[in-house]
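Structure record follows, encoded as structure tokens.
The values are calculated or read from the model by the stated rules, or taken from the named source; none is laboratory data. What you are looking at is a predicted structure, and each value in this text was computed from that prediction instead of being measured. Here Cβ is always computed from backbone atoms with ideal geometry, including for glycine, and neighbour counts include all displayed protein chains. Heavy atoms of the whole protein, side chains included, go into the accessibility calculation; ligands, DNA and RNA do not. Shrake-Rupley method; radii C 1.70, N 1.55, O 1.52, S 1.80 Å.
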Amino acid sequence: MEINGNQEIKSNKQYHPQMHSAEHILNQTMVRMFNCGRSFSNHIEKKKSKCDYHFSRNLTEQEIEEIESRVNNVIQQNLVVSEEFYSRDEAKTKFNLSKLPDDAGVKIRIIRIGNYDACPCNGQHVSHTNEIGTFKIVSTNLNDNVLRVRFKLL
Ligand SMILES: [Zn+2]
């Protein structure tokens, strides 16, 4: 449970700060490489997590390696992970709030990872990216135009 502005927010995300922070970096990397949008559904667990993206094909080996390399590069830069609060109206103009529930409160919490990523989130995160460890994609598959990326941290 997180205090967000004056309101307590329940989150259904399990709190694995390393995994959860890795998810943010993966999402931004997917957006930059494929312009596919952030994962629309995800399941974050300590041992292995998965993110789903709207996609028309599976990834190639080369693309998987490129994603891993970019994510690990961000991790190794040891960027500061910080939180910022915006009013809902202000946040609307700067960030994509479509995944936020309508009752997410008047103050929107934005998690910023250095200058690499910023997105609204109520989960728990590391304070520096090198706490995440090494990012590894376990497998990917495509089903009904949904690309599922499974990953773990070493
Ligand atoms: Zn988060």
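For the reader, a short list of remarks on this structure follows.
- Paired Rg and Dmax values of segment 47-110, which use every Cα atom, in angstrom: 16.4, 43
- Remark: the chain carries 55 Å² of accessible area per residue (probe radius 1.4 Å; ligands, DNA and RNA excluded).
- Calculated FRET value between Thr134 and Ser56, using beta carbons and R₀ = 30 Å, to 0.05: 0.55
- Along its first, second and third principal axes, ordered by size, segment 69-154 spans 38, 37, 19 Å in Cα coordinates.
- For the chain, the fraction of 1.4 Å probe accessible surface lying on carbon and sulfur atoms is 44 percent.
- Cα-Cα pairs of the chain separated by more than 26 Å (percent): 23
- Selection from Asn143, Leu153, Ile111, by position along the positive dipole direction of the chain (Cβ): Asn143
- Result for the chain in a Gaussian network model with C-alpha springs under 10 Å: among Thr140, Thr60, Thr129, the largest mean-square fluctuation is at Thr60.
- Computed over the chain with a Gaussian network model linking Cα atoms closer than 10 Å, the most mobile of Glu61, Glu84, Glu23 is Glu61.
- From its DSSP helices (H runs of at least four residues, each -39,500 (n - 2.57)), the chain gives a residue-normalised ellipticity at 222 nm of -8500 deg cm²/dmol.
- Normalised radius of gyration (Cα atoms, divided by 2.2 N^0.38 Å) for segment 9-94: 1.21.
- Angle between the chain longest axis and helix 17-34 axis [Cα atoms, degrees, rounded to 10]: 70
- For the chain, built as a Gaussian network whose Cα springs stay under 10 Å, the top-fluctuating residue of Ser127, Ser39, Ser98: Ser98
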